[in-house]
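Visitor: Let me give you the structure first, and then I'll get to my questions.
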Amino acid sequence: MAIISVQSITEEGIPAPTRTAAESGGDTWENSGSEFVEIQNGGEGSVVVTFTALVTSFDSPTYGPATKSSRTITVAPGLTSLIGPFVASAFNDENGYCSISYTSVTSLTVAIFTI
């Protein structure tokens, strides 16, 4: 499992964003709750990407008991998906990282951005 660095988008932009090959064991990033994830699928089949929610049930003072599910996104071949942000209180582990897993990593790249 690799830790992916978050890239900040500023007025100057990011002339050459860094994309990392997805790891078969999954990837993580330090999640503040304002990042979004770019997944590029250069392979020949669809890939299911899962963002694991670690807190799945809670009691909201406004809405009462509620549940939070892990998020799954299917990225078709040849496409790029932008996903997020992910609420830190639901998706972060005890070290402040959010995790991603993939059904396949063949020709799959990932990048994490924040504004």
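The values are calculated or read from the model by the stated rules, or taken from the named source; none is laboratory data. Keep in mind it's a predicted model, so treat the numbers as computed, not measured. For neighbour counting, all protein chains shown are included, and Cβ atoms are generated from backbone atoms with ideal geometry for every residue, glycine included. Quick note on the areas: whole protein, heavy atoms, side chains included, nothing else; ligands and nucleic acids left out. Shrake-Rupley method; radii C 1.70, N 1.55, O 1.52, S 1.80 Å.
Visitor: For segment 4-115, what does the alpha-carbon gyration tensor say about shape, rounded, prolate or oblate, given a ≥ b ≥ c as the root eigenvalues, a/c under 1.5 as rounded, and a/b over b/c as prolate? Working shown, then result.
Guide: Working: a/c = 2.13, a/b = 1.40, b/c = 1.52.
Since a/c reaches 1.5 but b/c is at least a/b, the shape of segment 4-115 is classed as oblate.
Visitor: Could you order the peptides 57-64, 29-36, 79-86 from most to least packed, using the average number of other C-beta atoms within 10 Å per residue?
Guide: Details: 57-64: 8.0, 29-36: 17.8, 79-86: 15.9.
The peptides rank, most packed first, as 29-36, 79-86, 57-64.
Visitor: Let me know the shape class of segment 27-89, please: from the alpha-carbon gyration tensor, a ≥ b ≥ c as square roots of the eigenvalues, rounded when a/c is under 1.5, otherwise prolate if a/b is greater than b/c, or oblate. Before the final figure, lay out the partial values.
Guide: Working: a/c = 3.11, a/b = 2.15, b/c = 1.45.
Note, shape of segment 27-89 comes out prolate.
Visitor: While we're here: Which order do Val87, Val47 take by accessible area at a 1.4 Å probe, largest first? Working shown, then result.
Guide: Working: Val87 80, Val47 5 Å².
My answer, sorted largest first, is Val87, Val47.
Visitor: Continuing with the same structure: Report the gain in length on full extension from Ser5 to Glu44: 0.36 nm times residue separation, minus Cα-Cα distance, nm rounded to one decimal. Working shown, then result.
Guide: Numbers: separation 39, 0.36 × 39 = 14.04 nm, distance 2.70 nm.
The Ser5-Glu44 span can extend by a further 11.3 nm.
Visitor: Could you point to the residue in Gly42, Ala16, Ala88 farthest towards the positive end of the chain's charge dipole, with +1 and -1 charges on the Cβ of Lys/Arg and Asp/Glu respectively?
Guide: Gly42
Visitor: Using the Cα centre as the reference, give the magnitude of the dipole from point charges on the C-beta atoms of the chain (Lys, Arg: +1; Asp, Glu: -1; all else neutral), rounded to the nearest 20 debye.
Guide: Roughly 280 debye for the chain.
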